[in-house]
Amino acid sequence: MIRFLGQRLVTIPFVALGVVTILFFIFKAVPGDPAALAAGATATQAEIEATRVRLGLDQPLVVQYVNHVLGVFVGDFGYSTTFRGNPLPHILARVPATLELAGAAIALTILVGIPAGIAAASAHNRWPDVAISLTVIGLLAVPNFWIGMLLIAFLSVQWGLLPSFGNAGPLALVIPSLALAARLIALVARMTRGIVIEELRKDYVRTARAKGMRRGAILVRHVLRNVMIPTVTIIGLQTGYLLGGSVVIERLSAWPGIGDLLLTGVSNRDFALVQGITLVFVVGFLLINLIVEVLYRFINPRLRYA
Amino acid sequence: MPEAVAGRRRRRRRLSFNLYLWLGGGLLGLFVLLALFGPAIAPYDTAAQDLFALMQPPSAEHLLGTDNVGRDILSRIIVGTRYTLSIALVATLAAGLGGVALGAVAGYFGGLTDRIVTGFVDLLLTVPNLVLAIAIAAAVGASATGLTVAITASFIPPIARLMRARVIELKEEDFVSAAVTTGMSHTRILLRHVLPNASTVIVIEMSLNAGQAVLVGSALGFLGLGVQPPAPEWGAMLGASREFYAIAPHLVVAPGIAISLLVLAFNLTGDGLRDHFDPGIQR
């Protein structure tokens, strides 16, 4: 396990290097003078030149690139025009809020998706199954931010049940995490339904029934175990969706995470901030995938010795 | 079971399987018509403001109501079809071409070429597609073109991976070795023998991607990073309604339904194609 973790952790800096490189050249190719942007709208030509020298923008491209990469690896993400300095502390301060949102969405996925799938499977081909299956098809087509808008329009504005934005208290988490989780709930419910229908036909279920075990107990003790691994797989595969989706949902609900900050960076044309947040998203993506693989080994003993 | 009966049964099975394909294809056809003839069908001019009819709820005059500057929402939805549909189609096709080319080259030649291409593709995969799209939109500016480039870039990796895996599988087939023995060129082998055998998986993946492209495109429009107002793009319409939907919820309903129906059309088509070509998979 330790060797496996070590191998995986070692690759992260290399991926980060690749992403930093691509972003550096994309943003260098953008028309416009970064020194003029950094110096501000009212700066004189002399001030712009001074800024250029101070930020090292007068150096050859290769030197700038090397300095940039070395900087990133010691935690210096460059000059952010929004924060007038290194954006890293400001980005890290926002990470917990995004994790909270993503965590709540994953919890909802498990708490709603699996029971919905089991309910559909238990009523195979009868109306609850049809209703749940149609809901799944619908949820996979609906934009998450639109679900959020509808929830805000009805649950909070019309009926006043929940706060519509900000992060005051756990109730404020309900609408954004529900909007973000909708797609994952649909995927997990569909997968659970398929597996449970298949498992219920197997011999061991018949044997357990013959021994007098209740249907519910069979589901919980035997069938549900087969659902855990694919659920983890789906959540792992959808990490990209979860992180990307959080950007839109955070903007919609004014949730103070890094996605919201990314959009602030875009509207300020603050490339250091955009680059830094993209990198944090990538590292987050890799870490979540690592956690998923570790979880696999816990849930599925066969993998531990493979 | 006699041959004829078995054949008929198989055919009937196939027809009932095609329900998704029929529904999805029908809906798509409808959207294509709206995209082509939108301005001719729309009851009002999409830019015509009626300042005496602001944020009117649906009525006989304005079937879906009017927006915050009194424009007819139904007309804007109809004409807006062409933005979303063309962005999704162009991005999906471009990503399909790019992904197929990269995947085919990587899988067919192997070795160092494969390592470089796979490394690049895996790198792109680690950036969440919406984040990549936002970063690119930030660099090239918010526009329909920027949006299309961004979506294309984010949809290349999955296609490239799929194509690479399929090519590696096909490379071992006898007909490929036979073609190599007869002295056929690599390009010709790839185009004539490998590509046709990989096309099914790719087409299915592409139609599912198109649905995702609509979602990503409208999310960017919503954030103000895609098609710019006053163009009646659905995501941008939702974005523009943000300040008003508390008092006029009907502003939110129609564009969202339009987006969902288009995504549904692509998803159903993809699922239908998958069932058609691969009936063994149970969902």
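Summary of computed values
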read-out: Number of positions in the range A:20-37 that are buried (at least 19 other Cβ atoms within 10 Å of the Cβ) and either under 14 Å from A:Leu70 (Cα atoms) or in the same structural domain as A:Phe271 (by TED's automatic domain parsing) (or both); value: 2
read-out: Selection within the range A:231-259 - in contact (Cβ under 8 Å) with a residue 60 or more places away in the chain, within 13 Å of the chain's Cα centre (by Cα) and assigned to a helix (DSSP H, G or I); value: A:Ile235, A:Leu242, A:Leu243, A:Gly245, A:Ser246, A:Val248, A:Ile249, A:Glu250, A:Ile258, A:Gly259
read-out: Yes/no for B:Leu170 being in contact (Cβ under 8 Å) with a residue 60 or more places away in the chain, more than 16 Å from the chain's Cα centre (by Cα) and away from chain A (no Cβ under 14 Å); value: no
read-out: Residue in the range A:161-171 that is free of Cβ contacts under 8 Å to residues at least 60 places away in the same chain and either within 11 Å of chain B (Cβ to nearest Cβ) or among the acidic types (Asp, Glu) (or both) present; value: no
read-out: From the options A:Arg297, A:Arg251, residue that is basic (Lys, Arg) and under 26 Å from A:Pro13 (Cα atoms); value: A:Arg297
read-out: Residues located in the range A:260-277, provided they are surrounded by fewer than 24 Cβ atoms within 10 Å (Cβ to Cβ), assigned to a helix (DSSP H, G or I) and either more than 10 Å from chain B (Cβ to nearest Cβ) or not hydroxyl-bearing (Ser, Thr, Tyr) (or both); value: A:Asp260, A:Leu263, A:Thr264, A:Val266
read-out: The lone exception for A:Leu55 - which of (1) in the same structural domain as A:Ile277 (by TED's automatic domain parsing); (2) touching a Phe, Trp or Tyr at 6+ places or on another chain (Cβ under 7 Å); (3) not β-branched (Val, Ile, Thr) it fails; value: (1)
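One line per residue, one yes/no per condition, for (1) under 27 Å from the mean Cα position of the chain (by Cα); (2) surrounded by 17 or more Cβ atoms within 10 Å (Cβ to Cβ):
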{"residue": "B:Ser154", "(1), (2)": "yes, yes"}
{"residue": "B:Arg164", "(1), (2)": "yes, yes"}
{"residue": "B:Ala178", "(1), (2)": "no, no"}
{"residue": "B:Thr181", "(1), (2)": "no, no"}
{"residue": "B:Thr187", "(1), (2)": "no, no"}
{"residue": "B:Asn197", "(1), (2)": "yes, no"}
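Each row is one residue, and each column tells you yes or no for (1) more than 22 Å from the chain's Cα centre (by Cα); (2) in a loop (DSSP other than H, G, I, E, B); (3) aromatic (Phe, Trp, Tyr).
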{"site": "A:Glu47", "(1), (2), (3)": "yes, no, no"}
{"site": "A:Gly75", "(1), (2), (3)": "yes, yes, no"}
{"site": "A:Gly78", "(1), (2), (3)": "yes, yes, no"}
{"site": "A:Phe83", "(1), (2), (3)": "yes, yes, yes"}
{"site": "A:Pro96", "(1), (2), (3)": "no, no, no"}
{"site": "A:Gly103", "(1), (2), (3)": "no, no, no"}
{"site": "A:Leu108", "(1), (2), (3)": "no, no, no"}
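The values are calculated or read from the model by the stated rules, or taken from the named source; none is laboratory data. Since this is a predicted model, take the numbers as computed values, not measurements. Note that each Cβ is placed from the backbone with ideal geometry, even for glycine, and that neighbours are counted across all protein chains shown.
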